[in-house]
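The values are calculated or read from the model by the stated rules, or taken from the named source; none is laboratory data. Since this is a predicted model, take the numbers as computed values, not measurements. Cβ: placed from backbone, ideal geometry, glycine included. Neighbour counts: every protein chain shown. To get the accessible areas, we keep the full protein, side chains included, count just its heavy atoms, and leave off ligands, DNA and RNA. Shrake-Rupley method; radii C 1.70, N 1.55, O 1.52, S 1.80 Å.
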4 protein chains.
Amino acid sequence: MSAPDHVIEIPVTFGDCDPAAIVFYPNFFRWFDRCFHDFMHVRAGGHRALCERLDAQGLGLMDAGAQFRAPVLENTVLRLEMRVDAWTTRSLRLAYAGYQEDRLCVQGHELRGVFVRRDGRMAAGSTAELRTALGFAED
Amino acid sequence: MSAPDHVIEIPVTFGDCDPAAIVFYPNFFRWFDRCFHDFMHVRAGGHRALCERLDAQGLGLMDAGAQFRAPVLENTVLRLEMRVDAWTTRSLRLAYAGYQEDRLCVQGHELRGVFVRRDGRMAAGSTAELRTALGFAED
Amino acid sequence: MSAPDHVIEIPVTFGDCDPAAIVFYPNFFRWFDRCFHDFMHVRAGGHRALCERLDAQGLGLMDAGAQFRAPVLENTVLRLEMRVDAWTTRSLRLAYAGYQEDRLCVQGHELRGVFVRRDGRMAAGSTAELRTALGFAED
Amino acid sequence: MSAPDHVIEIPVTFGDCDPAAIVFYPNFFRWFDRCFHDFMHVRAGGHRALCERLDAQGLGLMDAGAQFRAPVLENTVLRLEMRVDAWTTRSLRLAYAGYQEDRLCVQGHELRGVFVRRDGRMAAGSTAELRTALGFAED
């Protein structure tokens with residue numbers, strides 16, 4: 001597998017967990033989102049700066065999903081790797097893998113678009129400029 | 001499409017939204033989970049009672065996903081429909097559809113198992129008893 | 001005690017609770033905020049409309065606090081009452097009381113200001129116009 | 001002021017912020033709670049281990065409050081200091097101060113008790129053993 005494009009470490013705490021004493025699963029999506037926003041911050045000054053540069057409303061979600069391989073407990077650290085694994089003219093796909101030590105606990109993805117206002121509606125615009133802004137060369 | 005097995009209405013508030021002024025997407029998964037738990041409450045006394053009955057640790061997640069069709073704004077109501085749309089011996093699949101008026105805003109699914117402790121590890125046990133407990137007749 | 005200015009009912013779910021199987025306490029503040037936003041929605045078209053009318057950035061927090069009287073469990077309903085209990089020229093104070101049946105479970109308050117941008121900084125502006133907008137007559 | 005008993009750094013992300021583009025205030029309480037749980041982890045093996053040692057249900061909240069001095073934005077880091085600033089026979093009081101660079105952004109407190117089950121009800125038990133477990137000498 002290729003090297004990740006971005007990695008964050010998440011200290012998992014009591015309040016992230018539910019009455020089953022494991023991470024409440026929507027939090028994994030919060031962490032996916034956090035990882036991508038941190039990546040944008042490092043690469044291009046953050047979501048807001050990118051939106052201004054691209055004249056966009058947001059780098060919003062079209063689709064997200066996850067597979068939960070092993071429960072994650074409080075007072076542990078989750079290492080979350082992100083890979084930009086596909087570009088289309090209207091979307092980018094992010095792949096996530098979360099590990100504890102060498103154990104894969106969660107896998108997931110986000111499909112995002114560059115949402116622009118067009119004729120009073122939101123629509124997915126071209127990703128060409130985003131691709132450049134994030135430092136990905138055109139093939 | 002079949003009638004939903006469960007429906008909840010979610011009043012969407014300011015704090016559910018992000019700086020783009022739309023629902024922060026992990027919240028949709030919170031609401032999927034809420035819907036299933038409310039369904040368990042109505043059908044079988046809730047998650048805790050079900051776990052005791054099934055000698056299980058939890059009705060946990062194996063997989064979840066969503067497609068975001070239209071942004072959802074604060075001070076609106078999301079009507080969330082849930083259908084139990086597939087059973088296997090080790091999992092049940094829940095399909096979700098969230099509407100505002102007649103507009104489909106979000107679709108999604110959860111794949112859940114009956115997690116039991118077996119030889120010191122968590123594993124997905126049989127769903128047969130859960131199926132009965134939730135009022136679904138065997139075909 | 002005076003009649004509440006606003007009341008909401010909150011269905012408490014599994015995901016609102018922590019490994020101690022009671023509501024994770026920051027959620028009570030989410031619900032206080034929800035109550036005030038719902039009140040603004042009913043009285044004055046919502047936070048955004050109010051901000052436009054008042055030329056403000058937000059009706060933000062200066063101070064918040066809560067006393068936790070009794071634990072709140074999943075699959076219950078919390079009835080949350082809100083009273084606008086004090087106005088100053090620069091703030092309004094909201095008092096909250098959360099009940100299950102007749103049992104007081106949580107009490108709290110928020111102190112909010114009308115935040116305006118002034119000389120490039122945020123500052124608390126006059127509450128006079130807000131008071132009128134929310135339907136409170138001057139004494 | 002005395003040296004803090006515990007310090008954590010919180011990377012603030014997009015999803016922690018609301019439509020006003022500043023931290024949604026209940027999150028500060030999530031971070032207070034995180035800080036105390038991290039402190040318990042470092043000093044005494046975590047909340048669960050402490051509860052077993054003390055035969056308690058949880059180190060729960062009696063009271064919490066905060067004053068918000070300055071808005072906190074996404075893609076910044078909040079340094080949160082915690083001081084155990086008062087013990088009574090039935091409670092401990094934690095004081096929090098959150099900084100960005102040298103600027104105080106948020107102050108707050110939590111009042112916590114050692115909740116034990118007694119005659120089928122929850123009650124605040126003695127803090128003497130907790131005090132020892134967390135490494136605080138009796139005066």
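Note on segment D:35-129: the C-alpha convex hull projects to 7.1 nm² when averaged across all orientations. Exposed loop GluC sites (Glu not before Pro) only (DSSP loop, at most 14 other Cβ atoms within 10 Å): please give the longest stretch of chain A free of them, not including the sites. Longest run free of exposed loop sites: A:1-100.
A simple charge model with +1 on the Cβ of Lys and Arg, -1 on the Cβ of Asp and Glu and nothing else charged puts the dipole of segment B:6-133 at about 500 debye relative to its Cα centre. Applying a DSSP loop filter and a limit of 16 other Cβ atoms within 10 Å to the chymotrypsin sites (Phe, Trp or Tyr not before Pro) in segment B:70-139 leaves B:PHE136.
The 1.4 Å probe gives accessible areas that order A:HIS41, D:HIS109, largest first, as A:HIS41, D:HIS109. Spatially, segment A:37-101 and segment B:57-112 are offset by 21 Å when compared through their Cα centroids. Across the options B:ALA128, B:LEU94, B:LEU104, the greatest Cα extent toward the positive end of the charge dipole of segment B:85-139 (unit charges at beta carbon of Lys, Arg, Asp, Glu) belongs to B:ALA128. Per residue of peptide A:46-53, the mean number of Cβ atoms on other chains within 10 Å of the residue Cβ is 3. With N counted as the residues of segment A:1-79, its alpha-carbon radius of gyration over 2.2 N^0.38 Å works out to 1.29.
In a DSSP loop and with at most 16 other Cβ atoms within 10 Å, the trypsin sites (Lys or Arg not before Pro) in segment D:44-126 are D:ARG69, D:ARG90. Relative to the dominant Cα principal axis of chain D, helix D:26-44 is inclined by about 50°.
Here the accessible area is traced with a 1.4 Å probe on the protein chains. For chain A, carbon and sulfur cover 48 percent of it. Average projection, convex hull of the Cα set of the protein assembly as shown: 28.6 square nanometres.
For the residues of B:66-77, the average number of beta carbons from a partner chain within 10 Å of their own beta carbon is 4.
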